[in-house]
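A short worksheet on the structure shown next.
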Amino acid sequence: MIGIAGVWIGALLLIGGFALDRVLTRSIVDSFDNQLVFVLNSMIASSEIGPSDTGDQGEVRFNRAPADQRFVEPYSGLYFQISGSGAETFPSRSLWDRRLRVSDSHADVKPHLYDSDEFSTRDHAEPIRVAERDAILPGSNVRWRFQVAQSRETIDDQIRRLRSTLIWSFSALGVGLLVLAALQTFYGLWPLRRVRDEVSAIRSGDKTRISDEFPTEIRPLTEEINQLLAHSEAQAEEARRHAGNLAHALKTPLTVITNAATASDPDLVRTVVREASVMRRQVDHHLARARAIGRRAAAQSRARVWDSLEAVQRAVDRLHDGVTIDIAGDHAAQVRVERQDLDEMLGNLVENAAKYGGGRVFVTVEPKGKMIDILVEDDGPGIPEDRRGELFTRGARLDTTGKPGTGLGLAIVRDVAEIYGGTIHLEESEDLGGLLARLSLPAG
């Protein structure tokens, strides 16, 4: 960040400094040129042709002497010269033994300004700036070339001082901006160092949460970390609770088996088989929950509902002859659930509908905003509304016909659905008259 800021600040200062140098240099040169042009025009305005004793073209003279005394001081740096074709050149005294170069290749109706080094020698450099203009004076037919020249040392010195000032000031500004960017970066990222220290303290056990004393820009990060910690603690607590539940569920059957074996019960074999079946159901239930929790924590899986329903339909058709299963709805619907867990939930619901219904099962897939509703209906006798909640109790069964089952199907469906953020409700089927199980899962 500091390096990028330095490159950007340097580029902007270079561009801005170059532009400012061009503007100010041009302003200095223009001011210098305006002064030369003013002197040139004043000199033309005060010039006239003097009388000649021979009757020839008279010489140029001033009706008003130039006010600047540098014109009479030899090599003063300010010069003028008036020259014409066939006429004698009229130089300023400051030129002394030198003359300004005159070019006949062009006519200067308007002031013409240019730089020249004609007075520079090997031992001494004297660059000059020349302003020249042609004019025909009253009473004369000659085109006179008026020239005013001044040494560039003044403006060159001004430009050097200007550029030196620009370089030092822009360098100081660049260093200041770079230091400011470094301080902003350092102090702006300082809260992240505090977050690192707080996370280290949490890992070492000194703290359980990151404090809320952070800037508003960092607070969303710390809140997400705290939520992640709370989520991890909830998962750990959930794992401990299920381990305790499983241990408690297995304790009673093991006690019954131990007592029967100790007392040499003649029905020991039957007791072992019965209690082992109870333990297996409990283990299956808790393993299903553990698998769902592990898969949810590992990744946000996606599963197509239609593919899972078709697989469940094929399995149930082989187990239950004479049962018709119809599937309708959105073929492309996806849910944020692991495929194996989706198969287990749909398998329990469809198998219950096939087992306790009258032979018809209708499954509908309906997208509902951010959720996908899966409706499983049967044409069985249904269940009274006041007793539907009992079906979600582990081991509870309302069936009295003696059909095989563990009483854990709907409990497993509810627990796994809640792990993924879904729900299940039991309602009455309006079309078939039996039970309708509405499974809602997050859309993928």
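The values are calculated or read from the model by the stated rules, or taken from the named source; none is laboratory data. Fair warning: this is a prediction, and the values are worked out from it, not measured in the lab. Neighbour counts run over all protein chains shown; Cβ positions are idealised from the backbone, glycine included.
Quick notes on this structure:
- Counted residues, the stretch 244-276 - those being without any contact (Cβ under 8 Å) to a residue 12 or more places away in the chain and not β-branched (Val, Ile, Thr): 14
- Of the criteria (1) among the basic types (Lys, Arg); (2) modelled with pLDDT of 80 or more; (3) loosely packed, with under 14 Cβ neighbours inside 10 Å, which one residue 240 fails: (2)
- Filter pass, residue 342 being assigned by TED's automatic domain parsing to the domain that holds residue 434 and closer than 17 Å to residue 419 by Cα: yes
- Hits in the stretch 365-382 - residues which are over 37 Å from the mean Cα position of the chain (by Cα) and crowded, with 18+ Cβ neighbours inside 10 Å: 365, 374, 375, 376, 377, 378, 379, 380, 382
- Here residue 145 meets the list (1) on the phi > 0 side of the Ramachandran plot; (2) in contact with a Ser or Thr (Cβ under 7 Å, 6 or more places away or on another chain) almost entirely, failing just condition (1).
- Single condition residue 152 does not satisfy, out of (1) at pLDDT 85 or above; (2) among the basic types (Lys, Arg); (3) farther than 30 Å from residue 51 by Cβ; (4) surrounded by fewer than 17 Cβ atoms within 10 Å (Cβ to Cβ): (4)
- Filter pass, residue 341 being under 30 Å from residue 228 (Cβ atoms), among the acidic types (Asp, Glu) and crowded, with 19+ Cβ neighbours inside 10 Å: yes
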